[in-house]
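*Asks:* Take this structure first; my questions come after.
The values are calculated or read from the model by the stated rules, or taken from the named source; none is laboratory data. Since the structure is predicted, the reported quantities are computational estimates derived from the model, not experimental observations. No Cβ is skipped: glycine too gets one built from the backbone with ideal geometry, and neighbour counts run over all protein chains shown. Ligands, DNA and RNA are stripped out before the accessible areas are found, and what is left, the full protein with its side chains, is counted by its heavy atoms. Shrake-Rupley method; radii C 1.70, N 1.55, O 1.52, S 1.80 Å.
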Amino acid sequence: MGEVIVVTSGKGGVGKTTATANIGFGLASAGYKVVLVDADIGLRNLDVVLGLENRIVYDLVDVTSNNCRLRQALIKDKRLDGLHLLPAAQTKDKTAVNPDQMRQLCEELKKEFDYILIDCPAGIEQGFRNAIAGADRAIVVTTPEVSAVRDADRIIGLLEAADLREPKLIINRIRPTMVKHGDMMSIDDIIDILAVDLLGVIPEDEMIVITTNRGETVVQDQNSRSGQAYRNIIRRIQGEEVPVMSLEEEGGFFKRLKRIIGLN
Amino acid sequence: MGRDMVSIKGTRNGLVIVLDPNREFDEIRKNLLSKMESARGFFKGARFSFFQGHNEIPTNQQDELENICKKYGLVPNLEKQATFRTEITETPRKVTRPISRCDQGEAALMIRRSLRSGQRISYTGHVVVMGDVHPGAEVVSGGNILVMGSCRGNVHAGAEGNTSAKVIAWKLNPTVLSIADCRHTQEQNDLTLSEYRIARMSGQKIVFEKYHAGRQAWCV
């Protein structure tokens with residue numbers, strides 16, 4: 001029986017879709033059977049991030065309204081055996097699906113997959129309630145900004161009310177030098193406010209933009225720090241204990257050299 | 001999802017219809033309708049009142065729900081929610097010996113968790129929050145507010161005009177703190193101070209100071 005994990009944030013633009021794609025790709029590389037479900041109906045982009053846009057025939061709404069069978073709508077990623085995508089509909093909106101249908105869909109996916117990752121839309125309305133309906137666990141993504149943290153807090157409250165206790169936190173796009181100068185909230189500040197367990201910290205990294213635009217994921221990149229951060233998260237999801245990596249930016253010549261030749 | 005968004009409980013004072021405050025009104029209404037439909041007149045003639053967490057239901061929505069119930073033959077209870085509230089907050093206690101000079105005891109609402117952004121508590125008596133009050137959360141109390149953890153949200157003590165109401169918290173750093181009609185927006189408070197602090201009215205102003213348990217004339 002698989003596990004349904006919803007990736008949510010409240011605020012938009014903090015990196016839910018990127019996180020979903022990377023975690024999904026990482027879990028599939030680790031040998032699991034993974035399906036990524038794009039619950040952002042009307043504003044789908046998980047397919048774009050994964051580079052699978054041109055392969056969409058049927059979507060989530062087709063499945064829930066019985067226009068097609070589940071198997072027909074699932075897109076298999078050619079790069080990895082275990083990775084699948086269930087895309088969102090682009091021409092409908094959030095009301096095209098209801099929480100009961102999502103619950104049913106998740107139950108069905110659980111029979112076949114080890115991990116079902118749901119990319120939740122921003123906001124707290126119907127789209128959010130659909131996305132969390134069938135979830136067993138939740139990952140909350142935030143950035144070190146007051147507004148994102150505030151929204152994350154609201155989301156955690158709503159998750160708890162929906163019996164999704166102890167969500168795990170990913171802090172995205174942190175910039176260590178800014179934190180050091182006191183210009184950005186630190187990990188401790190954020191944890192202090194949100195009072196939840198940390199799943200991982202992703203440093204700000206150009207590689208995210210570069211890989212995303214190519215339809216690739218940063219976990220594939222062995223040299224980038226953000227890729228390493230995602231790989232750590234994936235190990236933690238599997239139950240391993242991995243310390244949070246040092247965020248000190250590597251300034252030394254030798255360290256950079258090591259990185260370039262792939263020793264670090 | 002474990003909790004029902006609408007559950008109907010029988011009490012001494014008639015039925016109490018408990019609504020989950022975290023659901024959309026539309027869902028609640030549909031659920032209530034289906035419950036009433038499936039009861040097939042079982043509740044006919046019973047007195048009822050609503051209870052929605054500790055949030056207030058907007059009057060227009062409450063009227064709508066009330067009308068649904070009336071349609072199925074239920075009679076609204078005029079005492080509203082007051083009775084149910086005191087029932088759940090007052091735990092039966094055996095007093096073997098007087099614990100303090102305040103032998104009478106006062107109604108207080110115990111919140112056994114932290115309040116997160118968007119969550120609101122409103123109560124006519126005192127409010128005790130056993131966790132934190134996060135930024136964006138709101139506590140409105142007719143009496144005092146005690147926060148065992150840090151208080152960073154909006155708190156309003158003595159909301160019905162009681163100027164002797166107080167707010168006490170471990171790390172008292174509210175966004176807005178009000179006592180009776182006096183409003184105080186965030187300032188100074190040193191976040192590194194790990195001690196209980198108290199906010200109270202002094203003349204026309206709200207003052208903050210260290211809270212010395214036992215030394216302040218709390219009960220008088």
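*Asks:* Relative to the Cα centre, what is the charge dipole magnitude of region B:6-76, using +1 at the beta carbon of each Lys and Arg, -1 at the beta carbon of each Asp and Glu, and rounding to the nearest 20 debye?
*Replies:* It works out to roughly 480 debye.
*Asks:* Looking at region B:102-210, send over the antiparallel percent of its DSSP beta bridges, to the nearest 5. Walk me through the numbers on the way to the answer.
*Replies:* Numbers: 14 of 38 bridges.
Roughly 35 percent of the beta bridges in region B:102-210 run antiparallel, per DSSP.
*Asks:* Counting only complete DSSP H runs, which helices of chain A cover 30 Å or more along their long axis at the Cα atoms and score a mean Kyte-Doolittle of 1.6 or above?
*Replies:* none
*Asks:* When the helices in chain A are scored as -39500 (n - 2.57) per DSSP H run of 4 or longer and the sum is shared across all residues, what 222 nm value do you end up with, to the nearest 500 deg cm²/dmol?
*Replies:* One gets -11500 deg cm²/dmol as the mean residue ellipticity at 222 nm.
*Asks:* Also, quick follow-up: Could you run the numbers on buried accessible area between B and A, total for both chains, 1.4 angstrom probe, in Å² to the nearest 100?
*Replies:* It comes to approximately 1500 Å² buried between B and A.
*Asks:* Below 29 Å, Cα to Cα, which lysines can B:Lys166 reach? Residues fewer than 8 away in the same chain don't count.
*Replies:* Within the straight-line limit of under 29 Å, B:Lys166 reaches these lysines: B:Lys80, B:Lys94, B:Lys205, B:Lys210.
*Asks:* Now a separate question. Taking the dipole about the Cα centre of the protein assembly as shown, with the C-beta of Lys and Arg at +1 and of Asp and Glu at -1, give me whichever of A:Ala39, A:Val6, B:Ser202 is farthest to the positive side.
*Replies:* The Cα lying farthest towards the positive end belongs to B:Ser202.
*Asks:* Given charges of +1 on the Cβ of Lys and Arg and -1 on the Cβ of Asp and Glu, with all other atoms neutral, how large is the dipole of the protein assembly as shown about its Cα centre, in debye to the nearest 20?
*Replies:* 980 debye
*Asks:* Please compute the net charge surrounding B:Val75, taking Lys and Arg as +1 and Asp and Glu as -1 over other residues with Cβ under 11 Å from its Cβ.
*Replies:* +2
*Asks:* For region A:118-190 and region A:219-233, what is the separation of their Cα centres, given in Å?
*Replies:* Region A:118-190 and region A:219-233 have Cα centres spaced 20 Å from each other.
*Asks:* Next question, about the same structure. Shape verdict for the protein assembly as shown, please, from the Cα gyration tensor: rounded (a/c under 1.5), prolate (a/b greater than b/c) or oblate.
*Replies:* Oblate is the answer for the protein assembly as shown, as a/c is 1.5 or above yet b/c matches or exceeds a/b.
*Asks:* Still on this structure, please answer the following. Sum up the charges of everything whose Cβ sits under 12 Å from the Cβ of A:Thr91, counting Lys and Arg as +1 and Asp and Glu as -1, but leave A:Thr91 out.
*Replies:* My count for the surroundings of A:Thr91 gives -1.
*Asks:* Ok, one more. Go through B:Gln62, B:Leu32, B:Val75 and say which Cα lies farthest out towards the positive end of the charge dipole of region B:6-76; charges sit on Cβ, +1 for Lys and Arg, -1 for Asp and Glu.
*Replies:* Of B:Gln62, B:Leu32, B:Val75, it is B:Val75.
*Asks:* Quantify, in whole percent, the carbon and sulfur part of the accessible surface of the protein assembly as shown (1.4 Å probe; protein heavy atoms only).
*Replies:* Roughly 48 percent of what the probe reaches on the protein assembly as shown is carbon or sulfur.
*Asks:* Between A:Gly31, A:Gly51, A:Gly200, find the one with the highest GNM mean-square fluctuation for chain A; connect C-alpha pairs within less than 10 Å.
*Replies:* A:Gly31
*Asks:* Excluding A:Leu70 itself, calculate the net charge of residues whose Cβ lies under 9 Å from the Cβ of A:Leu70, where each Lys or Arg counts +1 and each Asp or Glu counts -1. Display every interim value, and only then the final one.
*Replies:* Values: positive: A:Arg69, A:Arg71; negative: A:Glu108, A:Glu112.
Residues near A:Leu70 contribute 0 overall.
*Asks:* In region B:145-189, what residues drop by 40 Å² or more of accessible area when the other protein chains are put back, versus the chain on its own? Use 1.4 Å, and skip ligands and nucleic acids.
*Replies:* Correct list: B:Arg152.
*Asks:* Here's a follow-up. What accessible area per residue, rounded to a whole number of Å², is obtained for the protein assembly as shown using a probe radius of 1.4 Å?
*Replies:* Using a 1.4 Å probe on heavy atoms only, each residue of the protein assembly as shown averages 50 Å².
*Asks:* Once you charge only the Cβ atoms, +1 for Lys and Arg and -1 for Asp and Glu, what is the size of the charge dipole of chain A about its Cα centre, to the nearest 20 debye?
*Replies:* With only Lys, Arg, Asp and Glu charged at Cβ, the dipole is about 660 debye.
*Asks:* Follow-up. Does region B:102-210 come out rounded, prolate or oblate, given a ≥ b ≥ c as the square roots of the eigenvalues of its C-alpha gyration tensor, rounded meaning a/c under 1.5 and, failing that, prolate meaning a/b above b/c?
*Replies:* Here region B:102-210 falls in the rounded category.
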